[in-house]
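The values are calculated or read from the model by the stated rules, or taken from the named source; none is laboratory data. All of these numbers come straight from a predicted model, not from anything done at the bench. Cβ coordinates were reconstructed from backbone atoms using ideal geometry, including for glycine residues, and neighbour counts include every protein chain displayed.
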Amino acid sequence: GIQVEQSPPDLILQEGANSTLRCNFSDSVNNLQWFHQNPWGQLINLFYIPSGTKQNGRLSATTVATERYSLLYISSSQTTDSGVYFCAARSGYSTLTFGKGTMLLVSP
Amino acid sequence: DTEVTQTPKHLVMGMTNKKSLKCEQHMGHRAMYWYKQKAKKPPELMFVYSYEKLSINESVPSRFSPECPNSSLLNLHLHALQPEDSALYLCASSPGVGYNSPLHFGNGTRLTVT
């Protein structure tokens with residue numbers, strides 16, 4: 001099945017800083033999603049982005065399907081951005097495969 | 001993303017108990033999923049229902065029994081669980097099981113087996 005690798009595994013930021021999270025995948029994808037899991041366990045759908053670029057407030061994402069990677073940008077980070085960010089991808093008729101996540105801590 | 005509702009939020013049960021987790025969505029989605037998530041790990045797929053029929057069972061032990069009474073409801077019946085089954089159980093739904101169907105997750109049930 002498809003392999004999904006995320007980097008970095010951990011990230012610590014000062015409030016107000018910008019960051020880029022990366023997701024590499026091993027096969028062509030027909031579904032790619034970014035999720036944020038907050039400290040209470042809620043898994044929130046950030047972007048559905050198998051290709052192209054999308055923006056939602058301070059967050060944006062770009063997937064370059066031909067080069068098999070996706071990036072999640074967080075600008076002007078806030079403490080509420082803390083948590084784990086998961087990338088999940090699907091290839092062909094397989095089920096969605098999750099990466100191991102990037103744990104982000106934003107300190108005041 | 002709170003359009004998928006899970007109850008209860010927390011559950012503590014003994015190894016001889018029988019309990020059920022419930023999940024409900026009113027987005028008209030036709031696919032529903034159960035995931036299990038251990039601490040510091042990504043979610044792991046357990047079951048997929050498509051149009052109220054079980055389409056995927058990821059070799060889950062029989063002490064976990066899913067049920068889909070209708071297209072809006074998904075249950076997970078628990079019996080004779082082990083302490084290692086303690087985890088966050090997440091329900092999700094999607095418009096279909098096709099490739100262009102993004103998943104939407106509920107807030108989860110945190111299960112502790114004593």
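Before moving on, here are some points about what is shown:
- Residue that is surrounded by the most Cβ atoms within 10 Å (Cβ to Cβ), among those in the stretch B:46-59 that are within 12 Å of chain A (Cβ to nearest Cβ) and farther than 15 Å from B:Pro102 by Cα: B:Phe47
- Scanning the stretch B:23-41 for residues that are out of contact with any helix residue (DSSP H, G or I) (no Cβ under 9 Å at 6 or more places or on another chain), surrounded by 15 or more Cβ atoms within 10 Å (Cβ to Cβ) and under 21 Å from B:Leu81 (Cα atoms) gives B:Cys23, B:Tyr33, B:Trp34, B:Tyr35, B:Gln37.
- Hey, A:Ile2 at negative phi, in a strand (DSSP E or B) and among the aliphatic types (A, V, I, L, M) or not: no
- Meeting the requirement of 1 or more residues that are within 10 Å of the chain's Cα centre (by Cα), surrounded by 21 or more Cβ atoms within 10 Å (Cβ to Cβ) and more than 10 Å from chain B (Cβ to nearest Cβ), the strands (runs of 3 or more DSSP E) wholly within the stretch A:22-108 are A:31-37, A:59-64, A:69-74, A:83-90, A:102-107.
- Of all residues in the stretch A:62-100, those satisfying the criterion of being basic (Lys, Arg) and either within 25 Å of B:Gly98 (Cβ to Cβ) or modelled with pLDDT under 95 (or both) are A:Arg68, A:Arg90.
- Where strands (runs of 3 or more DSSP E) fall entirely within the stretch B:6-114, those with at least 1 residues that are within 13 Å of the chain's Cα centre (by Cα) are at B:18-25, B:31-37, B:44-50, B:53-57, B:64-70, B:73-79, B:87-94, B:109-113.
- With respect to the conditions (1) among the small types (Gly, Ala, Ser); (2) in contact with a Lys or Arg (Cβ under 9 Å, 6 or more places away or on another chain); (3) within 12 Å of another protein chain (Cβ to nearest Cβ), B:Ser86 falls short on a single one, namely (3).
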